[in-house]
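A quick write-up on the structure given underneath.
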Amino acid sequence: MKKGLILAVAILFTTFLQAQSIDAQQSKANFSVSNMRWMTVEGNFTGMKGNISFDEADLASASFNVCMDAATVNTDNKKRDDHLRNADFFDVTKYPEICFTSSSISKTSKGYVTQGSLTMHGVTKNVKIPFTYQSGKFTGKLKIKRYDYEVGADTGTFMVGDDISIEIIAVVK
């Protein structure tokens with residue numbers, strides 16, 4: 001009986017140590033996209049929340065289940081940001097979050113890579129996100145095609161490019 005109780009406490013303590021809280025104030029996803037083919041628009045999303053369980057010594061048990069608030073899109077242009085929030089692009093009323101759930105995490109020569117499901121604008125696609133981890137900070141980069149997620153599908157690619165570069169910064173406490 002004592003061994004069972006000690007084992008249960010050890011498992012609970014280990015799980016508690018591995019589960020990390022996201023620091024929403026310091027976490028964000030930066031993006032860049034071409035605009036009218038010769039300019040670049042940069043912006044970010046904030047409002048990151050979810051669960052991160054990461055132990056470098058036990059990647060098989062590691063996981064990411066993280067969402068961003070789609071309404072926080074910010075390009076430092078209120079008129080453009082309001083347009084990005086409407087049904088032409090992110091439709092934040094209907095699709096309030098952009099979420100990633102990992103299915104695997106593995107070590108690479110440059111850091112780590114997580115594979116999983118990215119859901120945006122009601123569309124879920126499998127993606128790989130190479131990332132680094134240092135002192136409570138995860139930094140990942142990926143490229144996606146906005147048409148794959150039906151974001152701004154009626155706008156064409158002249159005004160807004162299809163390729164989106166994303167840098168995710170998740171800081172844990």
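The values are calculated or read from the model by the stated rules, or taken from the named source; none is laboratory data. Owing to the predicted nature of the structure, the values given are computational and were not obtained by experimental measurement. Every residue, glycine as well, gets a Cβ built from its backbone with ideal geometry; the counts of neighbours run over all protein chains shown.
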*Checking T40 against (1) at negative phi; (2) touching a strand residue (DSSP E or B) at 6+ places or on another chain (Cβ under 7 Å); (3) touching a residue at least 12 places away in the same chain (Cβ under 8 Å), which test does it fail?*
(3)
*Search region 132-147 for residues that are modelled with pLDDT of 95 or more and pair each with any residue that is surrounded by 13 or more Cβ atoms within 10 Å (Cβ to Cβ) and outside any strand (DSSP E or B) when their beta-carbon atoms are under 7 Å apart and the residues are at least 6 apart or on different chains.*
Y133/F54
*Given T108, T72, T119, which one is touching a strand residue (DSSP E or B) at 6+ places or on another chain (Cβ under 6 Å) and free of Cβ contacts under 8 Å to residues at least 24 places away in the same chain?*
T119
*asked:* I'm trying to understand the selection: among the residues of region 75-105, which are touching a strand residue (DSSP E or B) at 6+ places or on another chain (Cβ under 7 Å) and loosely packed, with under 13 Cβ neighbours inside 10 Å?
replied: S103
*asked:* Give all pairs with beta carbons closer than 7 Å in which a residue from region 158-173 that is free of Cβ contacts under 8 Å to residues at least 24 places away in the same chain meets a residue that is basic (K, R); count only pairs at least 6 apart in sequence or on separate chains.
replied: D162/K145; D162/R146
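When region 46-69 is examined, which residues are found to be more than 21 Å from K94 (Cβ to Cβ) and surrounded by fewer than 17 Cβ atoms within 10 Å (Cβ to Cβ)? Can you show your working first?
First, the residues of region 46-69 that are more than 21 Å from K94 (Cβ to Cβ): 51-65.
If the condition is that a residue be more than 21 Å from K94 (Cβ to Cβ) and surrounded by fewer than 17 Cβ atoms within 10 Å (Cβ to Cβ), then N51, D55, E56, A57, D58, L59, A60, S61, N65 are the ones that fit.
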*Filter result (farther than 13 Å from I166 by Cα and surrounded by 15 or more Cβ atoms within 10 Å (Cβ to Cβ)) within region 35-45*: N35
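Check T124, T114, T101 and return the single one that is closer than 27 Å to T40 by Cα and β-branched (V, I, T). Walk me through how you get there before you give the answer.
Numbers: T114 fails: closer than 27 Å to T40 by Cα; T101 fails: closer than 27 Å to T40 by Cα.
On inspection, the qualifying residue turns out to be T124.
Out of I105, I98, report the one residue that is among the aliphatic types (A, V, I, L, M), over 19 Å from A24 (Cβ atoms) and out of contact with any His (no Cβ under 7 Å at 6 or more places or on another chain).
I105
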*Within region 46-84, which residues are basic (K, R) and over 21 Å from T124 (Cβ atoms)?*
K78, K79, R80
